[in-house]
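A.B. asks: Structure provided below as structure tokens; questions to follow.
What follows is calculated from the coordinates using simple rules that are stated; it is not laboratory data. Please read all numbers here as calculations on a predicted model, not as lab measurements. Reconstructed Cβ throughout: ideal geometry from the backbone, glycine too, with neighbour counts over all protein chains shown.
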Amino acid sequence: MTEISERAVLRRLNDRLGFGPAPGDLEAAIDATVRRLLGPATDAAAAAVPPPTGLEPPAQPKKDDQAAKKAANRQRAAQERKLTIWWLDRMVVSRTAGERLTWFWHGHFATSNQKVRNAAWMLAQNQTQRRLALGRFGDLAPAMIVDTAMIRWLDGQRNRKGAPNENLAREFMELFTLGIGHYQEADVAQGARCLTGWVLRKDGKAATFQRKRFDSGSKTVLGKTGDFDAKGFAGLALAQPASAEFVIGRLWFRLVSATPPDAATVARLTAAYGADRDIRSLLTAMVAEPGFKDPASGLVKQPVEWAVGLMRALGLRPAKLMEKEQTKLLAGLRGMGQLPYRPPSVGGWPAGASWLTTSAGVTRLRLAQQLAKKADLSAVEDAHDKVAAVAALLGVDGWSERTKNALAGVKNPAQLTAVAACAPEYVVSG
């Protein structure tokens, strides 16, 4: 199999396990880069960005108080904005794979604040995903099934003894742990019984378990019988042989290639994942696979990945932008179809060519122009070969002749940088 160059491997590692290279990252050794991204060290740069405060939900207005309702909605919108800017800022400064995997799990366990309407719950879910992002999937999945935002998102609070709601049980097996075809309708019905008893509090605090609303008694789920609760149900799903291959496939699709791994690769990755369902070990094995270095394994960057990587390359921090610039950043992401905390459905965001529509391209260029205007581009302006300089700035290995010719005609450094950031060589993580 033909492999990409060592520098291209470095770029791919930084793109897939991070949000693009920071200055100097493409000069490091591959082994050192893997250790930085996947080693046990704490991400000190990201940890130095404290989570926002003041996210408590507004008081419930009276039914006929329209002014109070509008004020509460404005407060929720401001809280979500604060939360989103914080996470984007943390992504930009992050130095390990922890933040990138937190982003992956957000898409995997997709939960939208459009329905949750509680920034504090969204932050709590986000922090759980971050804490467990590179740990054991056997800890992460059970935590998500009783997560307050997830319960609200998939109607878990409506699931009670004698009146089951099957949404969470179904999606947990279909989208989170097993995939279609690896469970029966009876498993959904019995799984819903396992998930009863969880109640959302009117004061906006975390969900609580009320035993009197729990459907105790014998349940048969995925071939096993017992008085299973939420944790037991999660364990039954994860114990299925199909679960490992499903999780491996999802990670491979988002971080390595749109082409599924062959049986031999899956076997090696399953061994690395192990009985402990170790995500860090799995990813370490994944980036060592020949498929990771395959020239055909290019992936189109999701809008958030593209924007965060561009801000990192330009030395911009979302939290330090003026309010109107932050508004433009969020509007640009919305226009491209991807805002953190707002996945379109429980299935998460699309991938690949879905992000390459004409309208998304226009929005991408507009946002790139806005960001480039805020950056110090003296290295590009002073360079004899500005096209090569902008490639170095963005961490691009090189331009195709077509792209090089197009860029050569752009003289303004900010415009040149914006156009380059929208070129295939940057939009696609090669």
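A.B. asks: Quick one: plug the Kirkwood hydrodynamic radius of the range 270-363 (C-alpha pairs) into Stokes-Einstein at 4 °C, 1.567 mPa s, and report D in µm²/s. Let's see the in-between values first.
C.D. replies: On the way: Rh = 16.0 Å.
Estimated diffusion coefficient is 81 µm²/s.
A.B. asks: Follow-up. Counting other beta carbons within 10 Å of each Cβ, put Lys205, Lys374, Lys62 in order, fewest first.
C.D. replies: Values: Lys205 13, Lys374 17, Lys62 9.
Least crowded to most crowded, the residues run Lys62, Lys205, Lys374.
A.B. asks: Is the range 69-207 best put as rounded, prolate or oblate by its Cα gyration tensor, with a ≥ b ≥ c the root eigenvalues, rounded for a/c under 1.5, and otherwise prolate when a/b is larger than b/c, oblate when not?
C.D. replies: Working: a/c = 2.40, a/b = 1.27, b/c = 1.89.
Oblate is the answer for the range 69-207, as a/c is 1.5 or above yet b/c matches or exceeds a/b.
A.B. asks: Something else about it: What Rg and what Dmax come out for the range 1-132 when only alpha-carbon atoms are used, in angstroms?
C.D. replies: My reading of the Cα-based Rg and Dmax gives 19.1, 68 Å.
A.B. asks: Spelling out what I want: for every residue of the range 4-10, take phi, set θ = phi - 60°, compute 6.51 cos²θ - 1.76 cosθ + 1.60 (Karplus), and round to whole Hz; glycine and proline get x.
C.D. replies: Ordered by residue, 3J(HN,Hα) equals 6, 5, 4, 5, 5, 4, 4 Hz.
A.B. asks: Can you pull out the trypsin sites (Lys or Arg not before Pro) in the range 379-430 whose DSSP state is coil and whose Cβ has at most 14 other Cβ atoms within 10 Å?
C.D. replies: Working: sites: Lys386, Arg402, Lys404, Lys411; in loops: Lys411.
Of the trypsin sites (Lys or Arg not before Pro), the ones in loops of the range 379-430 whose Cβ has at most 14 other Cβ atoms within 10 Å are Lys411.
A.B. asks: Among Ile145, Ile180, which comes first, second and so on when ranked by fewest other beta-carbon atoms within 10 Å?
C.D. replies: Working: Ile145 27, Ile180 9.
Ranked by crowding around the Cβ, least crowded first: Ile180, Ile145.
A.B. asks: If I model a spin label as a point 7 Å beyond the Cα along the Cα-Cβ vector, how far apart are those points for Arg81 and Phe253 in nm?
C.D. replies: 3.5
A.B. asks: Going by the alpha-carbon gyration tensor, a ≥ b ≥ c the square roots of its eigenvalues, is the range 123-171 rounded (a/c under 1.5) or, if a/c is not under 1.5, prolate (a/b greater than b/c) versus oblate?
C.D. replies: Numbers: a/c = 3.31, a/b = 2.07, b/c = 1.60.
Prolate.
A.B. asks: For the chain, what is the mean residue ellipticity at 222 nm derived from helices alone (per DSSP H run of n ≥ 4: -39500 (n - 2.57); sum divided by total residues; nearest 500 deg cm²/dmol)?
C.D. replies: Details: 23 runs with 235 residues, N = 430.
Result for the chain: -16000 deg cm²/dmol, rounded to the nearest 500.
A.B. asks: Let me ask something additional. Under a straight-distance cross-link criterion of Cα-Cα below 16 Å, which lysines are reachable from Lys386, leaving out those fewer than 8 residues away in the same chain?
C.D. replies: Lys404, Lys411
A.B. asks: If each of Ala41 and Thr2 carries a label point 7 Å out from its Cα toward its Cβ, how far apart are those two points in nm?
C.D. replies: That separation, rounded to one decimal, is 3.5 nm.
A.B. asks: When the chain is fully extended, how far beyond the present Cα-Cα distance does Val428 get from Lys63, taking 0.36 nm per residue of separation? It would help to have the intermediate numbers written out before the result.
C.D. replies: Values: separation 365, 0.36 × 365 = 131.40 nm, distance 4.93 nm.
Extra length available between Val428 and Lys63 comes to 126.5 nm.
A.B. asks: Ok, one more. If one takes the longest principal axis of the Cα atoms in the chain, at what angle in degrees, from 0 to 90 and to the nearest 10, does the Cα axis of helix 119-132 lie?
C.D. replies: Once rounded, the angle reads 80 degrees.
A.B. asks: Then there's this: Using a simple charge model, +1 on the beta-carbon of Lys and Arg, -1 on the beta-carbon of Asp and Glu, nothing else, what dipole does the range 24-145 show about its Cα centre, in debye to the nearest 20?
C.D. replies: Details: 18 positive and 11 negative charges, 118 e Å.
It comes to approximately 560 debye.
A.B. asks: While we're here: Count of lysine pairs in the range 183-300 with Cα atoms under 23 Å apart, counting only pairs 8 or more residues apart in sequence or on different chains? Please list the in-between numbers first.
C.D. replies: Working: Lys202/Lys212; Lys205/Lys231; Lys212/Lys231; Lys219/Lys231.
The result is 4.
A.B. asks: For the chain, give the magnitude of the charge dipole about the Cα centre (Cβ charges: +1 Lys/Arg, -1 Asp/Glu; no others), in debye to the nearest 20. List each step's numbers first, then the result.
C.D. replies: Working: 59 positive and 41 negative charges, 377 e Å.
Roughly 1820 debye, rounded to the nearest 20.
A.B. asks: Here is a further query. Top mean-square fluctuation among Leu394, Leu132, Leu377, Gaussian network model of the chain, C-alpha springs under 10 Å?
C.D. replies: Evaluated over the chain, the most mobile residue of the options is Leu377.
A.B. asks: Give the residue from Pro52, Gly20, Gly332 lying farthest towards the positive end of the charge dipole for the chain; charges sit on Cβ (+1 for Lys and Arg, -1 for Asp and Glu) and the dipole is referred to the Cα centre.
C.D. replies: Pro52
A.B. asks: Which one of Val390, Leu314, Gln129 is farthest out on the positive end of the charge dipole of the chain, using unit charges on Cβ (Lys, Arg +1; Asp, Glu -1) and the Cα centre as origin?
C.D. replies: Going by the charge dipole, the pick is Gln129.
A.B. asks: Follow-up. List the lysines whose alpha-carbon lies under 17 Å from that of Lys328, not counting same-chain residues fewer than 8 positions away?
C.D. replies: Here the lysines satisfying the reach criterion relative to Lys328 are Lys82, Lys320, Lys373, Lys374.
A.B. asks: Separate question: For His384 and Glu27 in one chain, what is 0.36 nm times their gap in residues minus the Cα-Cα distance, to one decimal in nm? Could you put the intermediate results ahead of the total?
C.D. replies: On the way: separation 357, 0.36 × 357 = 128.52 nm, distance 2.20 nm.
Result for the pair: 126.3 nm of gain on full extension.
A.B. asks: A follow-up question, please. Check Arg160: other-chain or 5+ apart residues with amide H under 5 Å from its amide H, H built from backbone geometry?
C.D. replies: So Arg160 has HN proximity to Asn165.
A.B. asks: A further question follows. Suppose R0 equals 30 Å; then what is the FRET efficiency for Ala189 and Ala263 from their Cβ-Cβ distance, rounded to the nearest 0.05? List each step's numbers first, then the result.
C.D. replies: Values: r = 33 Å, r/R0 = 1.11.
For R0 = 30 Å, the calculated efficiency reads 0.35.
A.B. asks: At R0 = 30 Å, how high is the FRET efficiency between Ala242 and Ser345 if r is their beta carbon distance? Nearest 0.05 is fine.
C.D. replies: Values: r = 23 Å, r/R0 = 0.75.
After rounding to 0.05, the efficiency reads 0.85.
A.B. asks: Hey, another quick one. When a footprinting reagent is the concern and you count Cβ atoms within 10 Å, what order do Tyr341, Tyr273 take, fewest first? Mind showing how you got there, number by number?
C.D. replies: On the way: Tyr341 20, Tyr273 25.
Placing the least packed residue first, the sequence is Tyr341, Tyr273.
A.B. asks: Then there is this: Here are several values of Cα extents along the principal axes in Å: (i) 69, 54, 39; (ii) 70, 47, 46; (iii) 76, 61, 38. Which one was derived from the coordinates shown?
C.D. replies: From the options (i) 69, 54, 39; (ii) 70, 47, 46; (iii) 76, 61, 38, the structure gives (iii).
A.B. asks: A follow-up question, please. Have a look at Thr225, Ala77, Ala272 and report the one farthest towards the positive end of the charge dipole of the chain, computed about the Cα centre with Cβ charges (Lys/Arg +1, Asp/Glu -1).
C.D. replies: Of the candidates, Ala77 comes out farthest on the positive side.
A.B. asks: Next question, about the same structure. Return one number: the angle in degrees, 0 to 90 and rounded to the nearest 10, between the long axis of the Cα atoms of helix 303-314 and the longest principal axis of the Cα atoms of the chain.
C.D. replies: Tilt relative to the chain: about 40 degrees.
A.B. asks: What's the magnitude of the charge dipole for the range 191-334 around its Cα centre, counting Lys and Arg as +1 and Asp and Glu as -1 at the beta-carbon? Answer in Debye, nearest 20. If you can, show how the numbers build up before the last one.
C.D. replies: Values: 23 positive and 13 negative charges, 158 e Å.
Dipole about the Cα centre, nearest 20: 760 debye.
A.B. asks: Still on this structure, please answer the following. With the cut-off at 1.5 for a/c, could you classify the range 198-252 from its C-alpha gyration tensor as rounded, prolate or oblate? If you can, show how the numbers build up before the last one.
C.D. replies: Numbers: a/c = 5.25, a/b = 1.43, b/c = 3.68.
Taking the square roots of the gyration eigenvalues as a ≥ b ≥ c, the range 198-252 is oblate.
A.B. asks: Still on this structure: Tell me the angle of helix 66-93 to the major Cα principal axis of the chain, expressed in degrees between 0 and 90 and rounded to the nearest ten.
C.D. replies: Between the helix axis and the principal axis of the chain, the angle is about 60 degrees.
A.B. asks: Connecting C-alpha atoms closer than 10 Å in a GNM of the chain, tell me which of Gln190, Gln60, Gln338 has the biggest fluctuation.
C.D. replies: Taking springs between Cα atoms under 10 Å, the residue moving most is Gln60.
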